[in-house]
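The values are calculated or read from the model by the stated rules, or taken from the named source; none is laboratory data. Treat the numbers as computed from the prediction; the structure is a model and nothing was measured. Reconstructed Cβ throughout: ideal geometry from the backbone, glycine too, with neighbour counts over all protein chains shown. Please note that ligands, DNA and RNA were not included when accessible areas were found on the heavy atoms of the full protein model with its side chains. Shrake-Rupley method; radii C 1.70, N 1.55, O 1.52, S 1.80 Å.
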Amino acid sequence: METAIFLLFAALAVVSAVVVVAHRNPVHATMSLVLTLFSVAVLFVLLGAPFLAALQILIYAGAILVLFLFVIMLLNVQREETPYHGQPVQRWAAILGAAVFCGMLAMLLFRSSLASNGGAPLGPLTESLVSFKGLAADLFSVDLLPFEIVGLLLLVAVIGASAVAKRPTAEERLAPGRRLPEGPLDGAEDQPR
Amino acid sequence: MSGTVPISWYLVLAALLFAIGAAGALTRRNGISIFLSIELMLNAANLTLVAYSRLWGERTGQLVVFFVLAVAAAEAAVGLALFIAIYRQRRTIDVNRLNLMRW
Amino acid sequence: MHLLWLIPLLPILGTAMLGAIGALGAIGRRPPKALVTLIGLGAPGLSLALALACLARYAAIYPRPYEQTLYAWTAGPLHLDVAFLLDPLSAVMLFVVTFVGFLIHVYSVGYMGHEEGYRRYFAYLNLFMGAMLLLILGANYLVTFVGWEGVGLCSYLLIGFYYDQDFPPYAGKKAFIVNRVGDFAFLVGMFALVARYGTLRYLDVFPRLAADPGPALAPYALGLTFAGFVALCFFVGAMGKSAQIPLYVWLPDAMAGPTPVSALIHAATMVTAGVYMVARSNAIYQLAPGVSGFVAAIGALTAIFAATIGLAQNDIKKVLAYSTVSQLGYMFLAAGLGAYTASIFHLMTHAFFKALLFLGSGSVIHAMGGEQDMRRMGGLKRALPVTYWTFVVGALAIAGIPPLAGFFSKDAILAAAAGGGQWLLYLVGLVTAGLTAFYMFRAVFLTFHGEFRGSDDERHHLHESPPVMTLPLVVLAAGAVAAGWLGIPAVLSFGARLDRFDRFLEPTLWTIAGHPRAVHEMGAGTELGLIALSVAVAVAGILLARRLYDRPSDGLTGPQEDAAIAARFPGLYRTLANKYYVDELYDRAIVRPLARLSGFLWKWIDGFVVDGSVNGSASLADLLGGFGSLTTTGNVRNYALYFFLGVLGLFWWIALS
């Protein structure tokens with residue numbers, strides 16, 4: 001039973017991951033990523049971390065990817081043009097590299113004892129592992145410092161994002177020295193086709 | 001959940017997801033798509049962490065995943081803000097065209 | 001006497017000062033000629049005064065040597081110091097060099113007075129004096145060698161003095177390069193000495209050799225004993241510096257330099273350095289009878305060889321040049337026979353009369369407006385009386401007519417040959433004496449007697465030289481007459497021991513333990529007979545020359561007489577006139593192959609290999625850089641890929657270790 005669930009959702013994750021990476025329409029890619037995240041959340045449950053699964057769906061799929069969608073809509077990101085002109089070398093090198101990485105890791109895992117408990121079967125899912133109570137207790141006692149720092153990080157991110165994405169004020173627009181130098185295709189999209 | 005699925009399978013899956021994400025991050029032209037691939041890679045890392053947490057019966061892995069999640073959120077926010085800023089200036093997020101670092 | 005070190009230093013300072021005032025030329029102001037003359041004459045003049053003072057003082061401590069160490073260069077067992085030595089041998093050399101040198105400096109004021117390079121000339125000449133004095137006053141082979149090289153350098157500078165012409169620089173290079181061959185051998189000899197004895201100091205090496213000759217007689221290299229090897233090396237050095245066969249070829253071409261230079265460097269002083277060195281090293285040569293025999297043989301061969309060439313030369317300076325080579329041969333003949341004092345005696349007398357002859361020829365050339373070919377001269381005795389008479393004195397001296405100097409010194413050499421039973425060498429020496437008298441007086445008659453054969457312009461230009469030039473001639477003539485009287489042999493002095501010169505130099509000759517020096521004694525009758533024979537040969541030579549060139553019974557003038565002889569013996573005459581084609585031989589056998597090799601090395605090794613690899617490495621760097629710059633695309637994805645590949649590599653490395 002467990003195996004079946006695993007295999008189903010693992011396959012789903014892989015397939016949707018490929019779609020994310022390969023699909024040209026960014027909106028579709030984002031939706032596919034949502035599907036991947038859902039699958040991984042299920043796998044989290046299987047691994048005895050239901051709270052994390054919930055968090056994954058809530059935060060990752062629910063907040064981060066929605067943010068992605070917002071920005072895609074805002075910037076009106078088009079489909080990527082085909083054919084893919086540019087550097088085939090890059091593409092092949094990347095795919096090859098990824099494959100090699102994967103293969104190496106797999107080989108490593110199967111050869112060493114990294115992936116097993118020395119042959120012993122996995123212990124049962126304990127209360128402490130699964131429940132959120134233990135995690136929360138840790139967060140507010142032993143791991144308080146990282147917790148606070150992450151909070152600080154989020155604050156900084158919020159401030160930074162706001163600052164970076166801010167519309168330039170009128171006076172900034174009139175101070176051309178502050179702008180980045182024009183690229184070769186700057187303004188090209190504004191031209192009438 | 002008594003562990004009939006060996007942990008190594010989870011790990012291989014995570015590796016596979018990571019590799020797919022890496023390939024995508026290095027291959028796509030669209031900046032947003034690259035970002036999506038990066039998120040995929042982060043997710044694969046999360047899966048690995050949870051798997052090990054299960055293997056060793058410790059909570060630490062899950063804790064780290066918690067933090068990774070938070071960091072991913074922060075990173076996504078800032079990154080997308082950057083993209084917005086770039087788009088305003090250059091009217092494109094095609095990374096091929098963002099080549100000011102060219103010698 | 002403690003100011004001994006100043007003697008070589010003063011002329012060098014003179015050079016420095018003359019060089020410094022040359023800097024005035026850089027700011028456009030000509031240095032005043034009077035100042036140049038003052039420094040140029042003052043430095044050697046002061047050296048002369050100081051030398052005479054030192055010699056006067058030395059008389060008090062004779063026969064002990066006086067050594068002055070200026071600066072101990074090395075510490076430890078290797079003794080190489082800046083030190084000077086005043087002993088009978090260096091005293092004689094000191095006198096000759098400073099006295100004759102100073103006279104020639106004075107003469108140069110007149111001769112070079114109108115030259116553009118007046119200051120440069122005196123700078124070089126002073127430098128030469130300094131180097132020569134270093135050479136003879138050195139207390140060890142190292143200081144001597146520094147002087148040796150220095151005079152070689154000055155020879156090059158002064159031969160090539162007229163650098164804007166084609167030939168003088170070539171002649172200068174030739175002199176320097178041929179000398180180099182000898183210098184190399186000299187160095188090897190010094191190295192051997194240092195390796196075996198750890199010192200080059202004369203007063204270290206020679207006493208040790210004298211007391212314990214055994215190690216020096218052991219076989220060493222090239223089938224020679226140690227002493228033989230060092231002696232040979234030093235002699236090869238002498239061959240170069242003193243123009244013996246086969247390294248004499250630079251001396252005739254060195255006549256391209258100004259005539260006073262020929263007088264000083266190539267007659268009186270520099271070329272005698274080799275003789276001095278052999279005499280100084282007599283301890284070594286006494287232990288190497290085979291090499292000494294070789295020295296004598298080369299000396300004799302060179303003497304007669306050069307004399308024959310001198311018979312057929314038409315340039316007055318060339319005659320004198322070959323004469324110098326020939327007389328140097330005499331000196332080495334004596335040294336090879338063990339008669340070191342005789343060779344130094346001849347060195348001294350030769351300095352006087354050869355310098356006199358050269359300066360006289362300079363006077364003639366000056367009067368002829370630069371012409372040196374005797375065929376265009378003639379009858380100059382009326383226009384240049386002082387020059388003529390002093391020249392005749394010099395010619396008589398070199399011919400060996402008593403009671404002039406050359407007679408006594410040459411006779412001492414011939415007596416040494418005969419006394420040692422070396423009749424072949426004696427014969428060669430005798431014949432050469434006859435040839436010497438002949439060609440010398442041929443030059444006298446062609447130049448000064450008969451009718452003037454030059455152009456009318458030249459005839460009007462003929463004038464005796466100014467006193468600044470004629471006075472040194474007279475002084476040297478006096479020396480040419482009287483210098484020989486220091487060495488009157490016993491057989492002629494009716495009991496009075498007048499051979500002061502030999503006795504004076506006696507302390508510089510080392511007596512080797514177990515190898516007593518052979519004393520050559522001849523019966524008084526034999527000796528007188530040989531003296532009479534040599535005088536007769538000399539007189540015969542003079543008379544023959546007079547018969548052919550001064551009072552020809554067939555009414556031919558001098559050059560026509562030469563032409564007649566050439567017609568009768570065409571091959572012989574041509575060979576002599578062309579110096580036995582030795583220069584051509586060297587050119588074909590040595591110079592051209594070397595030039596070709598150098599060209600090859602230059603074009604291929606230097607141009608292709610060295611330049612190629614240097615340029616090639618630059619090109620390679622450029623190429624690699626070009627490849628490297630391909631990675632700087634500016635495209636972020638590429639950079640991300642590099643990251644990823646790097647991580648992959650790192651992962652591989654960690655995983656597999």
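Check every one of the helices (runs of 4 or more DSSP H) wholly within the stretch C:269-355 and list those with 3 or more residues that are more than 21 Å from C:V236 (Cα to Cα) and open to solvent by less than 10 Å² (accessible area, probe 1.4 Å).
Values: elements: C:273-280, C:282-286, C:289-311, C:316-336.
Qualifying helices (runs of 4 or more DSSP H): C:289-311, C:316-336.
Considering only the stretch C:82-163, give the helices (runs of 4 or more DSSP H) lying wholly within it that have at least 1 residues that are touching a His at 6+ places or on another chain (Cβ under 8 Å) and open to solvent by less than 10 Å² (accessible area, probe 1.4 Å). Can you show your working first?
Values: elements: C:88-111, C:118-137, C:141-159.
Counting at least 1 such residues, we get C:118-137, C:141-159.
For the stretch C:616-623, the condition of being within 13 Å of chain B (Cβ to nearest Cβ) and either surrounded by 10 or more Cβ atoms within 10 Å (Cβ to Cβ) or in contact (Cβ under 8 Å) with a residue 24 or more places away in the chain (or both) holds for none of the residues. Checking each residue in the stretch B:64-79 for being touching a helix residue (DSSP H, G or I) at 6+ places or on another chain (Cβ under 6 Å) and free of Cβ contacts under 8 Å to residues at least 12 places away in the same chain picks out B:F67, B:A70, B:A73, B:A74, B:A77, B:V78. Scanning the stretch C:230-247 for residues that are part of a loop (DSSP other than H, G, I, E, B) and open to solvent by 10 Å² or more (accessible area, probe 1.4 Å) turns up C:I245, C:P246, C:L247. Go through the residues of the stretch C:425-433 one by one and say whether even a single one is open to solvent by 20 Å² or more (accessible area, probe 1.4 Å) and more than 16 Å from C:A307 (Cα to Cα). No, that holds for no residue. C:G514 satisfies every condition listed in (1) at pLDDT 75 or above; (2) surrounded by fewer than 20 Cβ atoms within 10 Å (Cβ to Cβ) except (1). Any chance the stretch A:106-120 includes a residue that's modelled with pLDDT under 80, within 21 Å of B:A19 (Cβ to Cβ), more than 7 Å from chain B (Cβ to nearest Cβ) and surrounded by 13 or more Cβ atoms within 10 Å (Cβ to Cβ)? Yes, that holds for at least one residue. Number of residues in the stretch B:14-25 that are at the interface with another protein chain (Cβ under 7 Å from one of its Cβ atoms) and open to solvent by 10 Å² or more (accessible area, probe 1.4 Å): the value is 4.
For the stretch B:80-94, state whether one or more residues are assigned to a helix (DSSP H, G or I), among the small types (G, A, S), crowded, with 20+ Cβ neighbours inside 10 Å and in contact with a helix residue (DSSP H, G or I) (Cβ under 6 Å, 6 or more places away or on another chain). Steps first, answer last, please.
Within the stretch B:80-94, the subset assigned to a helix (DSSP H, G or I) is B:80-90.
Now drop any that are not among the small types (G, A, S), which leaves B:81, B:85.
Then drop every residue that is not crowded, with 20+ Cβ neighbours inside 10 Å, which leaves B:81.
In the following step, the residues that additionally are in contact with a helix residue (DSSP H, G or I) (Cβ under 6 Å, 6 or more places away or on another chain) were identified as B:81.
So far as the stretch B:80-94 goes, yes, one or more of its residues are assigned to a helix (DSSP H, G or I), among the small types (G, A, S), crowded, with 20+ Cβ neighbours inside 10 Å and in contact with a helix residue (DSSP H, G or I) (Cβ under 6 Å, 6 or more places away or on another chain).
Residues in the stretch C:262-270 include none that are in contact with a Leu (Cβ under 7 Å, 6 or more places away or on another chain) and among the polar types (S, T, N, Q). Restricting attention to the stretch C:199-257, which residues are β-branched (V, I, T) and within 27 Å of C:A72 (Cα to Cα)? C:T199, C:V205, C:V230 - these are the residues of the stretch C:199-257 that are β-branched (V, I, T) and within 27 Å of C:A72 (Cα to Cα). Scoring C:R29 on the criteria (1) charged (D, E, K, R); (2) modelled with pLDDT of 80 or more; (3) over 30 Å from C:D502 (Cβ atoms); (4) open to solvent by 70 Å² or more (accessible area, probe 1.4 Å) leaves a single failure, condition (2).
Scan the stretch A:30-55 for residues that are among the β-branched types (V, I, T) and more than 7 Å from chain B (Cβ to nearest Cβ) and jot them down.
Step one: filter the stretch A:30-55 for residues among the β-branched types (V, I, T), giving A:30, A:34, A:36, A:40, A:42, A:45.
Matches in the stretch A:30-55: A:V34, A:V42, A:V45.
No other residue among C:L10, C:L18, C:L3, C:L38 is closer than 20 Å to C:G101 by Cα and modelled with pLDDT under 85 apart from C:L3. Restricting the first member to the stretch C:105-125 and to residues that are more than 14 Å from C:G257 (Cα to Cα), and the second to residues that are of a type in the set (A, V, I, L, M) and open to solvent by less than 10 Å² (accessible area, probe 1.4 Å), the beta-carbon pairs closer than 7 Å and six or more apart or on different chains are C:H105/C:L125; C:Y107/C:L359; C:Y107/C:M469; C:G110/C:M469; C:R119/C:L18; C:R119/C:V36; C:A123/C:L18.
Yes/no matrix, rows are residues, columns are (1) assigned to a helix (DSSP H, G or I); (2) within 16 Å of C:G370 (Cα to Cα):
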| position | (1), (2) |
| --- | --- |
| C:F408 | yes, no |
| C:I413 | yes, no |
| C:Y426 | yes, no |
| C:V431 | yes, no |
| C:F438 | yes, no |
| C:V444 | yes, no |
| C:D457 | yes, yes |
| C:E464 | no, yes |
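Which condition does B:L80 not pass, out of (1) aliphatic (A, V, I, L, M); (2) at the interface with chain A (Cβ under 7 Å from one of its Cβ atoms); (3) over 21 Å from C:N635 (Cα atoms), if it passes all the others? Result: B:L80 fails condition (3) only.
Table: residues versus (1) in a helix (DSSP H, G or I); (2) at pLDDT below 80; (3) within 14 Å of chain B (Cβ to nearest Cβ); (4) open to solvent by 100 Å² or more (accessible area, probe 1.4 Å).
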{"position": "C:D562", "(1), (2), (3), (4)": "yes, yes, no, no"}
{"position": "C:A566", "(1), (2), (3), (4)": "yes, yes, no, no"}
{"position": "C:V591", "(1), (2), (3), (4)": "yes, no, no, no"}
{"position": "C:W604", "(1), (2), (3), (4)": "yes, no, no, yes"}
{"position": "C:G628", "(1), (2), (3), (4)": "yes, no, yes, no"}
{"position": "C:L641", "(1), (2), (3), (4)": "yes, no, yes, no"}
{"position": "C:A655", "(1), (2), (3), (4)": "yes, yes, yes, no"}
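Scan C:F206, C:F186, C:F176, C:F191 and give me the residue that is in a helix (DSSP H, G or I), of a type in the set (F, W, Y), open to solvent by 40 Å² or more (accessible area, probe 1.4 Å) and in contact with a helix residue (DSSP H, G or I) (Cβ under 8 Å, 6 or more places away or on another chain).
Details: C:F206 fails: open to solvent by 40 Å² or more (accessible area, probe 1.4 Å); C:F186 fails: open to solvent by 40 Å² or more (accessible area, probe 1.4 Å); C:F191 fails: in contact with a helix residue (DSSP H, G or I) (Cβ under 8 Å, 6 or more places away or on another chain).
Result of the check over C:F206, C:F186, C:F176, C:F191: C:F176.
Any residue in the stretch B:59-72 that is charged (D, E, K, R), in a loop (DSSP other than H, G, I, E, B), at the interface with chain A (Cβ under 7 Å from one of its Cβ atoms) and open to solvent by 10 Å² or more (accessible area, probe 1.4 Å)? Walk me through it before giving the result.
Of the residues in the stretch B:59-72, the ones charged (D, E, K, R) are B:59.
This time we only want the ones that are in a loop (DSSP other than H, G, I, E, B), so: B:59.
Subsequent filtering for residues that are at the interface with chain A (Cβ under 7 Å from one of its Cβ atoms) retains B:59.
Filter again for open to solvent by 10 Å² or more (accessible area, probe 1.4 Å), leaving B:59.
Yes, there is a match, as at least one residue in the stretch B:59-72 is charged (D, E, K, R), in a loop (DSSP other than H, G, I, E, B), at the interface with chain A (Cβ under 7 Å from one of its Cβ atoms) and open to solvent by 10 Å² or more (accessible area, probe 1.4 Å).
Of all the residues that make up the stretch C:56-81, how many are closer than 28 Å to C:G484 by Cβ, open to solvent by 50 Å² or more (accessible area, probe 1.4 Å) and of a type in the set (A, V, I, L, M)? Final tally of qualifying residues: 3. Just so you know, in the stretch B:36-58 the residues that are part of a helix (DSSP H, G or I) and open to solvent by 30 Å² or more (accessible area, probe 1.4 Å) include one that is modelled with the lowest pLDDT, and it is B:W56.
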